[in-house]
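The values are calculated or read from the model by the stated rules, or taken from the named source; none is laboratory data. Just so it is clear, the structure is predicted and the values come from calculations on it, not from any experiment. All Cβ positions, glycine included, derive from the backbone under ideal geometry; neighbour counts span all protein chains shown. For accessibility, only protein heavy atoms count, side chains too; no ligands or nucleic acids. Shrake-Rupley method; radii C 1.70, N 1.55, O 1.52, S 1.80 Å.
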Amino acid sequence: MSKVALITGATRGIGKQIAINLATAGYDIAINYRSENDDLVNTKKEIESKNVKCIAVKGDVSNFEDTKRFVDEVIEAFGQIDVLVNNAGVTKDKLILRMDKEDFESVINVNLVGTFNVTKNVVPYMMKKRTGRIINISSVVGISGNAGQSNYSASKAGIIGFTKSLAKELASRNILVNSIAPGFIETDMTAVLKDDIKSEISKNIPLQRMGTSNDVANVVKFLASDDSSYITGQVINVDGGMLM
Ligand code: NAP
């Protein structure tokens, strides 16, 4: 029987590439999406072209009831979840003087509370099987901080604390929990940056380029695989050497 991976926010960007790379590795795939659009249709088609099963489950990760329902849908379809990738994330960048409470809370609610919501609903199934992999997408700014991103950085730092705590809680059940901290990756999230800012950023990266979704997805594939069976509670930077 194939292993099953659930990836949140998987219709575009890094989440989409993670889903495709895990499909290529033979996993059946459940993609979580929030908005119904062409991205969803195209992603599902691309995954199915890898000869694996794919279902799409709708829901906002910041809404606990949504996450409970869509995790149940995945279990109903596949009977198990072997790998959970908490990828869904948003930014709302502002300096603190301009950032209101809603700007702060909404980012924490999607990125950090969303990670809790989905994990909380998936863990009982992994515990029953006494095996599982949870991979949480954090960010280098969760380690370094970044001006204008106090909400986002706090959410990503929270994900690191959450990852390490769960790794300790769940190790005895053979559930491995790790985090990936990407640097600057070319997706819609960073497309808003002006070209001169992007080239300035690239100059300060030892590998002299922004990363690709594939750079991140390949590390997810490793953390999901048997090759990483002695790694838990870690944060792996995928940032071209930006943060050392
Ligand atoms: P992206 O292109 O903006 O895609 C984000 C995805 O998350 C979309 O599919 C989006 O769905 C989904 N999403 C957002 N809010 C959601 C919610 N409440 N419920 C369910 N899905 C939701 O972003 P990305 O660059 O691929 O980022 C993916 C992850 O990597 C995020 O956690 C991000 O913080 C992290 N990361 C990215 C970078 C970077 O440089 N790009 C760097 C470090 C970390 P919709 O299509 O419905 O909006």
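Here are the numbers:
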item: Residue (of ILE201, ILE160, THR24) at the positive-pole extreme of segment 4-238, dipole from beta-carbon charges; result: ILE160
item: 3J(HN,Hα) from dihedral phi, segment 225-234, Karplus parametrisation 6.51/-1.76/1.60, rounded to Hz, x for glycine, proline; result: 8, 5, 5, 10, 6, 10, 10, 8, x, 9
item: Residue among SER139, SER172, SER153 with the largest mean-square fluctuation in a Gaussian network model of the chain, springs linking Cα atoms under 10 Å; result: SER172
item: Of LYS3/LYS164; LYS94/LYS194; LYS16/LYS53; LYS50/LYS129, those spanning more than 18 Å from alpha-carbon to alpha-carbon; result: LYS3/LYS164; LYS50/LYS129
item: Sparsely packed trypsin sites (Lys or Arg not before Pro) within segment 1-103, loop by DSSP, other Cβ within 10 Å at most 10; result: ARG98
item: Sparse-neighbour loop sites [trypsin sites (Lys or Arg not before Pro); segment 121-204; at most 12 other C-beta within 10 Å; DSSP]; result: ARG130, LYS194
item: Centre separation in Å (Cα based) which lies between segment 175-202 and segment 65-106; result: 19 Å
item: ASP196 accessible area, 1.4 Å probe, all protein chains in place, Å² to nearest 10; result: 100 Å²
item: Computed label-point distance, nm, for sites PHE64 and ASN146 using a 7 Å Cα→Cβ extension; result: 3.0 nm
item: Low-density loop positions, chymotrypsin sites (Phe, Trp or Tyr not before Pro), segment 157-244 - DSSP coil, at most 14 other Cβ in 10 Å; result: TYR230
item: Simple Cβ-charge dipole of segment 4-238, Lys/Arg +1 and Asp/Glu -1, about Cα centre, in debye nearest 20; result: 560 debye
item: Additional length obtainable on full extension of the chain from ASP39 to MET127, 0.36 nm per residue less Cα span; result: 28.4 nm
item: Accessible area of the chain belonging to carbon and sulfur atoms, whole % at 1.4 Å probe; result: 51 percent
item: Structure-based [θ]222 nm, the chain - -39500 (n - 2.57) summed over DSSP H runs of at least 4, per residue, nearest 500; result: -14000 deg cm²/dmol
item: Contact order normalised by residue count of the chain, Cα under 8 Å, 6+ apart, percent; result: 19 percent
item: GNM result for the chain, Cα springs below 10 Å: residue of VAL85, VAL61, VAL41 fluctuating most strongly; result: VAL41
item: Candidates ILE55, ILE29, ILE231, ranked by Gaussian network fluctuation over the chain, Cα under 10 Å, top entry; result: ILE231
item: Dipole of segment 4-238, positive direction: furthest Cα of THR91, CYS54, ASN218, with charges on the beta-carbon; result: ASN218
item: Zone residues, segment 136-167, relative to ASP196, backbone N less than 11 Å from point 7 Å out along Cα-to-Cβ; result: none
item: Difference of contour (0.36 nm per residue) and Cα-Cα distance, ASN51 to ILE96; result: 11.4 nm
item: Accessible area expressed per residue, segment 107-228, with surrounding protein chains retained (probe 1.4 Å, Å²); result: 45 Å²
